[in-house]
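K.L.:
Before we start, here is the structure in question, set down as structure tokens.
The values are calculated or read from the model by the stated rules, or taken from the named source; none is laboratory data. Everything numeric here is computed off the predicted structure, so don't read it as measured data. All Cβ positions, even for glycine, are placed from backbone atoms using ideal geometry, and neighbour counts span all protein chains on display. For accessibility, only protein heavy atoms count, side chains too; no ligands or nucleic acids. Shrake-Rupley method; radii C 1.70, N 1.55, O 1.52, S 1.80 Å.
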Amino acid sequence: MLNRITRPAWVWLLGLALVYTLLNAGKSLHIDDPAYVAFARQISQHPLDPYGFGMMWYYQPEPANEILAPPVFLYWLALAMRVWGDHPLLWKVSLFPVCWLFTWAVYTLFRRFCHDNAWWLTCLVVLSPAYLPALNLMLDVPVVALGLTALHFFLEAVENASWRQAVAAGLLAGLATQTKYTAFLLPAVMFLYCLFHGGWRYWVVAVLLCGSLFLGWEFYTARLYGQSHFLANLSTNTSEDLVEKLSKILPGLLSLLGSVGAALVLLALAALGAPRRVIFGVGVFLFVGYLVVGFWDVTFETQIVRSSMLFAPTPPLTGVKWHLSEALFGVYGLVLFVLVGGALYYLLHGPAVLLRLDRAVVPRLPVREWRRHRDDWFLTLWLGLEGAGYFALTPFPAVRRVMGLFLVLTLVVGRLATLNCRRLRRPYLIPTLVGFGVILGLIYHITDDLTAFSQEQVVQLAHQWIEEHRYDPVPGTEMTIDPGQQTVWYVGHWGFQFYAERAGMKPIILPYQQKEQLPFALPPASYCRKGDWVVVPDWRIFQQGLDREKGALQEVHHLAVTDPWPWRTLHCYYGGSVGIDHHLGSTRQEVRVFRVTDDFEPVWGKGGFPSRSEARPGSFPGSRAQARAGETFLRCRGKKTTLTIWENETCVRTFGLPWRFLDWWRRLSAPVRKTTW
């Protein structure tokens, strides 16, 4: 049974939650935020009809019931909209109770399993690369907050034989499952705890309440829309072949954990009794790895060869490309798993010796009874369950898929580190390692903040430039179109979509097959008229595949937002095999502005800018003849540098003074690379 949290601890937890909230509040809307904002707007106007509308998401209009968005957090966001109005900053400030619940739940979990260092380990989790950039207006942190709170009440119910706490655990678990479906692991985690501590009757109560709440909502949505929200999205996410799915998510497990869990490597070394100089050296090596990823972009290409005879191989079957970040962070993740395996072996078996890296062997306590290892076995099986959940519930690799793994890994190594640092009289070692993890978390947060802000800023620049040129004649003619008859279209996704629509732009809807028997009408395909405008972002933003070659479009302007920061989180953090990667060039975000020279109906095509592989250094554009008006190119060949500035160019620097030196240093390995000045 846990003692009551003292008043100073409450103050520190409130302060940590406030810092977490304010760091997120300053970030522009990003990734899936616009979708949840659209759902919350619908709920604020029609609380009993949350999915009764259609929305433009992904690449064409869809019924809202077929876009994955469980309701609990959406109702909270809708309440914030009713109270604060149309103010995204205040929407994010209203997440303070969610952030406080998250920090409190994490703290209580560490108090139970790690005792003395609960506060420092809470800071390590809350301000880590896995959680700090991930809050946004998304579902991942709220579901962890509700899930850990439900788990806390369940553990207390088993220890105190309390039916009220079991009921609270079941209700909170039900809310968690309707916040995000990854919370389906909660009943299994409670089951594992009952294996070692008993309390099966409380587990039955919690599971029944959780299932009743979940099924009740699904029956309600099925009655309203003909199919429950869960089943509507389950059918769209299970069509992928199992082998193809594993080939995508399996390689990313180590590199994802390695990219966000570097501090856990140091904590595991401390838990296993490594000397300070070894921990310091490994920490320097890990941090230098992040610098190398930021300032050096290398791709390794391997070929898988099938040979029927010893000296007569057939042509290569496939080519596999590995970026430097994937290889490096994969090594980090492998080292982390090896060290955690050692920590688990020590916790479970209580060996008579503990290997030390600065000397031979140190005597250790005798083997303890099995019952004293119950919590260690629970954490071990919980870690395995989170690993199985990663493969079962992950449609594509992303940092948010390993949040649970990161938390349980921190519990395991933090538990052993607390014991050994106390025994070896290292009271300040864990706070120092936590500081290293917080620094990495801030690097991730700054990177993601720059990415989100660049999408908002580039839309504002495009909108401002178009408003200043409304009276310009249509290219190729002397005709001037009345500004009231001009429509500004856009293609794009994520935060770019939100700010484009706030600026009055309309999405280009390409021809699609209308779904029948819907209680509401989906918007028809777009039709661009002479004198309209089309705003197209670069390859960093997913977008509708508009075929520009078949449309009467002429590029009239090019805009870019630049900064010297060497890392990026788009798309890797939210849909890749690493959490952070090398930022190509100094351009954070860019768009092209097109003018419609004749009426036409948009059709499907390849899309806007080239892909990431096509836009790598030296490949786009490759010569001055390929340059278009409105672009700036910096050519570096050896020590001779030539800066060529073309007309109709708009660029904005959003960061820092010594960027020229950093930009030059990043370009040493690239003979030709696109940039803006």
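K.L.:
So GLU501 ticks every box in (1) open to solvent by less than 50 Å² (accessible area, probe 1.4 Å); (2) outside any loop (DSSP other than H, G, I, E, B); (3) more than 19 Å from HIS557 (Cα to Cα) but one. Which box is left unticked?
P.N.:
Only one criterion is unmet by GLU501, namely (1).
K.L.:
Taking LEU77 as the residue in question, decide whether it is farther than 30 Å from PHE219 by Cα and either assigned to a loop (DSSP other than H, G, I, E, B) or touching a residue at least 12 places away in the same chain (Cβ under 8 Å) (or both).
P.N.:
No: the conditions fail for LEU77.
K.L.:
From the list ASP376, ASP449, which residue is in contact with a helix residue (DSSP H, G or I) (Cβ under 7 Å, 6 or more places away or on another chain), charged (D, E, K, R) and open to solvent by less than 50 Å² (accessible area, probe 1.4 Å)?
P.N.:
Values: ASP449 fails: in contact with a helix residue (DSSP H, G or I) (Cβ under 7 Å, 6 or more places away or on another chain).
Just one listed residue meets the conditions, ASP376.
K.L.:
Right, next: Looking at region 499-519 only, could you name the residues that are farther than 12 Å from TYR59 by Cα and touching a Ser or Thr at 6+ places or on another chain (Cβ under 8 Å)?
P.N.:
Selection gives TYR499, LYS506.
K.L.:
To continue, here is another question. Residue under question is LEU234, and the condition is that it be surrounded by 15 or more Cβ atoms within 10 Å (Cβ to Cβ) and not small (Gly, Ala, Ser); does it hold? Let's see the steps before the verdict.
P.N.:
Numbers: surrounded by 15 or more Cβ atoms within 10 Å (Cβ to Cβ): no; not small (Gly, Ala, Ser): yes.
Criteria not met by LEU234.
K.L.:
With SER255, SER228 as the choices, which residue is closer than 22 Å to LEU171 by Cα, open to solvent by less than 20 Å² (accessible area, probe 1.4 Å) and modelled with pLDDT of 90 or more?
P.N.:
SER228
K.L.:
Here's another thing I want to ask about it. Suppose we keep only residues that are outside any loop (DSSP other than H, G, I, E, B) and among the aromatic types (Phe, Trp, Tyr) within region 457-497. Which one would you say is surrounded by the most Cβ atoms within 10 Å (Cβ to Cβ)?
P.N.:
Of the residues in region 457-497, the ones outside any loop (DSSP other than H, G, I, E, B) are 457-468, 483-485, 488-490, 494-497.
After this cut, where a residue has to be among the aromatic types (Phe, Trp, Tyr) as well, the list is 465, 489-490, 494, 496.
Details: TRP465: 18, TRP489: 21, TYR490: 25, TRP494: 25, PHE496: 29.
Result: PHE496.
K.L.:
Further question: Against the conditions (1) touching a residue at least 12 places away in the same chain (Cβ under 8 Å); (2) farther than 27 Å from LEU393 by Cα; (3) open to solvent by 10 Å² or more (accessible area, probe 1.4 Å), where does VAL83 fall short? Just the number, please.
P.N.:
(1)
K.L.:
Determine if region 48-65 includes at least one residue that is in a helix (DSSP H, G or I), over 17 Å from the mean Cα position of the chain (by Cα) and surrounded by fewer than 19 Cβ atoms within 10 Å (Cβ to Cβ). Working first, answer last.
P.N.:
Residues of region 48-65 in a helix (DSSP H, G or I): 64-65.
In the following step, the residues that additionally are over 17 Å from the mean Cα position of the chain (by Cα) were identified as 64-65.
Next cut, surrounded by fewer than 19 Cβ atoms within 10 Å (Cβ to Cβ) only: none.
No, the conditions are met nowhere in region 48-65.
K.L.:
Among VAL106, VAL93, VAL125, which is the only one that is surrounded by fewer than 23 Cβ atoms within 10 Å (Cβ to Cβ) and in contact with a helix residue (DSSP H, G or I) (Cβ under 7 Å, 6 or more places away or on another chain)?
P.N.:
Result: VAL93 is the single residue among VAL106, VAL93, VAL125 that is surrounded by fewer than 23 Cβ atoms within 10 Å (Cβ to Cβ) and in contact with a helix residue (DSSP H, G or I) (Cβ under 7 Å, 6 or more places away or on another chain).
K.L.:
Could you list, in sequence order, the residues of region 384-399 that are part of a helix (DSSP H, G or I) and either open to solvent by 50 Å² or more (accessible area, probe 1.4 Å) or within 23 Å of PRO133 (Cα to Cα) (or both)?
P.N.:
Matches in region 384-399: GLU386, GLY387, ALA388, GLY389, TYR390, PHE391, ALA392, LEU393, VAL399.
K.L.:
Looking at region 583-600 only, could you name the residues that are under 14 Å from THR487 (Cβ atoms) and not aliphatic (A, V, I, L, M)?
P.N.:
From region 583-600, those under 14 Å from THR487 (Cβ atoms) are 593-596, 599-600; that's our starting set.
Scanning region 583-600 gives PHE594, ARG595, ASP599, PHE600.
K.L.:
Still on this structure, I have one more. Just give me the residues in region 535-584 being small (Gly, Ala, Ser), crowded, with 24+ Cβ neighbours inside 10 Å and in a loop (DSSP other than H, G, I, E, B), in sequence order.
P.N.:
SER577, GLY579
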